[in-house]
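Before any comments, here is the structure.
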Amino acid sequence: MAKATGLKKGLTQYGDTGFSLFLRKAFIKGAGYTDDALDRPIVGIADTGSGFNPCHGNAPQLVDAVRRGVMLAGGIPIPFPTISIHESFAHPTSMFLRNLMSMETEEMLRAQPMDAVVLIGGCDKTVPAQLMAAASAGIPAIQLVTGSMLTGAYRGTTVGACTDCRRYWARYRADEIGEAEISEVNDQLVGSVGTCCVMGTASTMACVTEALGMMLPGGASAPAVTADRARIAEQTGTQAVAMAAAGLTPQRILTTQAFENALRVLFAIGGSTNGLIHLTAIAGRMGLRVDLDRVDRMSAETPVLVDLKPSGEHYMEDFHRAGGLPTVLRELKSLLHLDALTVTGRTLGEELEAAGPAFDQTVVRPRARPIFAQGGLAVLRGNLAPGGALIKQSAASPALMTHEGRAVVFENSEDLAMRIDDPDLEVQADDVLVLKHIGPVGGPGMPEAGYIPIPRKLARQGVTDMVRISDGRMSGTAAGTIVLHVTPECALGGPLALVRTGDRIRLDVPNRTLDLLVDDAELAARAAARPQGAARHAERGYLKLYLDTVLQADEGCDFDFLQPPSFTRSIPDA
Ligand code: FES
């Protein structure tokens, strides 16, 4: 029997399929549709516009442009709302809600009759949630991002969220600038609607999605309020109709080769550490396991080429003028799987050929002259992180890459907030700041609190970086010598839970180690003295579902029941 398409897909069950279709048509005709319109391929548009999400403030314009593209190709566009998550408007953290958004989106893709879907995302967790959903739902899907915000200017200096947010806040904490100035700069950091304009998580995920083949070529970099962004939206709508006709599902695009291309790009752009968690989660939905040790080897042989904050100097609008991701892909060509299929039905290599020759620009470096010779991310292991930990070495201080220091421990975020600025806090510049209980379960939701502020009294002395360690995450826009994603996390009894103020810790990034210099017998005694039982518990609702099923950082923090029962392959390939 031919597969149902269009309005006939997934009929509501009334025990009479003819009546189900009759009723469905009657209701949608109430919105003024004709039979001619309703006989065409249906392209759903997942609209994540929300008053609480300024990063998606251009969603109405993008929906219009996508509609135009769909209709130009002979389809019928039907927008529908889904959950929208903004980093600063999500309590306790946006990561806590990512899986909820992915579940909701997946179920709406299944429940509603559509032959293809355009996913409009942008702010950090939205694109991963949508790709996880698309991978699981298995219908033709194409990603559109809202695009980056414009930069602003403060007293003649270009500024943009959110690397400069952190830079100015650090200056304010160090008393270098006062109330009036910090308030003035606050007006200028976000120049328009759109996503953060540095290589933070949103920009990282946009680039990685293009490299995966799930977005139109060149679709990652156009700023939110440009004509280019609207044109990409129109073309995305048109392409969605072609994908519906061809049955081009994520299953054909999200292959091991596609994920390896995406990992290459993640390293070469100096991408966010969050990018690795999200790629791991998306790959997990496809039955692919990201192997951290192989990731480290791949990162070591992939230079950072993109000169964007926080690893470099420029902003997303500069990256777009420099040709966007195709400029990076050209440089990486010999390291890529060029035969990987994309949403256009053509391969990455064919699209790269079509993008034309390179031109002079100063944002993407040639491989012979990288920003950073090794990939941006390094995977650390040792008795403090047997399951692995991550450091963004391209944004760290070279002088601290090998460092031994005394631990100054904060038990959780509340403890940190209470004591970090205490003038009596015993802390020196060469100490190692440790923050516990901000992991996937402990947070909950793995808050981006891994960017532990420099204690105010040291900031006032001019200290700008220290080694900082946690089981949490940090924003992709942040910089510093910051060890993240320590696995297993404290809340599950990981060794980080055993660290005490005064212990010695050794970080050795060149040798990829992170060790607590306390002997095994003492650690065993501390472990035995710890209270046993579940670390965190909830009686009901989404929090219960989250705490009972969330996986650790090295597994992408997905819910265990959303992944297939077993993995078929590891990536990258050995
Ligand atoms: Fe939305 Fe940065 S807060 S992308």
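The values are calculated or read from the model by the stated rules, or taken from the named source; none is laboratory data. Values in this document were obtained by computation on a predicted structure and should not be read as measured data. Note that each Cβ is placed from the backbone with ideal geometry, even for glycine, and that neighbours are counted across all protein chains shown. The accessibility values were calculated without ligands, DNA or RNA, using every heavy atom of the protein model including side chains. Shrake-Rupley method; radii C 1.70, N 1.55, O 1.52, S 1.80 Å.
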Taking Cα atoms, the helix 163-173 axis meets the longest principal axis of the chain at an angle in degrees (rounded to 10) of 30 degrees
Which of Lys333/Lys392; Lys9/Lys29; Lys309/Lys436 exceed 21 Å between C-alpha atoms? The answer is Lys333/Lys392; Lys309/Lys436
Check: C-alpha center segment 416-455 vs C-alpha center segment 344-411, spacing in Å is 24 Å
The distance between the Cα centres of segment 514-548 and segment 261-329, in whole Å, is 32 Å
Any aspartates and glutamates whose Cα falls less than 14 Å from that of Lys25, other than same-chain ones fewer than 8 residues away, would be Asp35, Asp36, Asp39
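Give the whole-number value, in cubic angstrom per residue, of the convex hull volume spanned by the C-alpha atoms of the chain.
162 Å³
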Computed over the Cα atoms of segment 230-375, the Rg and Dmax in Å are 15.8, 44
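At a Förster radius of 30 Å, what calculated FRET efficiency corresponds to the Cβ-Cβ distance of Asp415 and Asn511, to the nearest 0.05?
So, using R0 = 30 Å, E works out to roughly 0.45.
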With the label point 7 Å along the Cα-to-beta-carbon line of Asp465 and a cut-off under 20 Å to each amide N, the hits in segment 364-383 are 370-381
Relative to the chain, whose Cα atoms define the longest principal axis, helix 520-529 and its Cα axis are tilted in degrees, nearest 10, by 70 degrees
Rounded to the nearest 10, the angle in degrees between the Cα long axis of helix 59-72 and the longest principal axis of the Cα atoms of the chain comes to 40 degrees
The extension gain from Ala26 to Leu523, computed as 0.36 nm times the residue separation minus the Cα-Cα distance, is 172.0 nm
Quick calc, Asn186 & Asn383: beta-carbon distance into FRET formula, R0 35 Å, rounding 0.05, result 0.25
One point scatterer per Cα, no solvent, Debye formula: log10 I(q)/I(0) for segment 1-123 at q = 0.11 Å⁻¹ comes out as -0.45
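Please give me the summed charge of the neighbours of Glu404: other residues whose Cβ is under 13 Å from its Cβ, Lys and Arg +1, Asp and Glu -1. Intermediate results must be reported in sequence, preceding the final value.
On the way: positive: Arg406, Arg504, Arg506; negative: Asp430, Asp431, Asp503, Asp508, Asp515.
Within the 13 Å Cβ shell, the charges total -2.
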Over the Cα atoms of segment 69-162 the radius of gyration and the largest Cα-Cα distance (Dmax), both in Å, equal 16.1, 52
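Under the Kirkwood approximation applied to all pairs of distinct alpha-carbon atoms, what is the hydrodynamic radius of segment 464-574 in Å?
After inverting the pairwise mean of 1/r, the radius is 16.9 Å.
Write down Rg/Rh for segment 186-275, rounded to two decimals, with Rg from the C-alpha atoms and Rh from the Kirkwood relation over Cα pairs. Display every interim value, and only then the final one.
Working: Rg = 14.7 Å, Rh = 14.4 Å.
Value, to two decimals: 1.02.
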Under the 7 Å Cα-to-Cβ spin-label approximation, Phe52 and Leu72 lie apart by a distance in nanometres of 3.5 nm
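Once neighbouring chains are kept in place and the probe is 1.4 Å, which whole percent of the accessible area of segment 221-340 is contributed by carbon and sulfur?
The C+S portion of the solvent-accessible surface of segment 221-340 is 46 percent.
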Binned at 10 Å starting from 0, the alpha-carbon pair-distance distribution of segment 310-434 in whole percents comes out as 10, 25, 26, 18, 15, 5, 0
Cysteines of the chain without any disulfide-compatible partner (other Cys Cβ under 4.7 Å) are Cys196, Cys197, Cys207, Cys490, Cys557
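Just to confirm, what accessible area per residue do you get for the chain at 1.4 Å probe, in whole Å²? Working shown, then result.
On the way: 22100 Å² over 574 residues.
Ligands and nucleic acids excluded, the figure is 38 Å² per residue.
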Taking 0.36 nm per residue of separation between Glu104 and Tyr33 and subtracting their Cα-Cα distance, the length gained on full extension comes to 22.9 nm
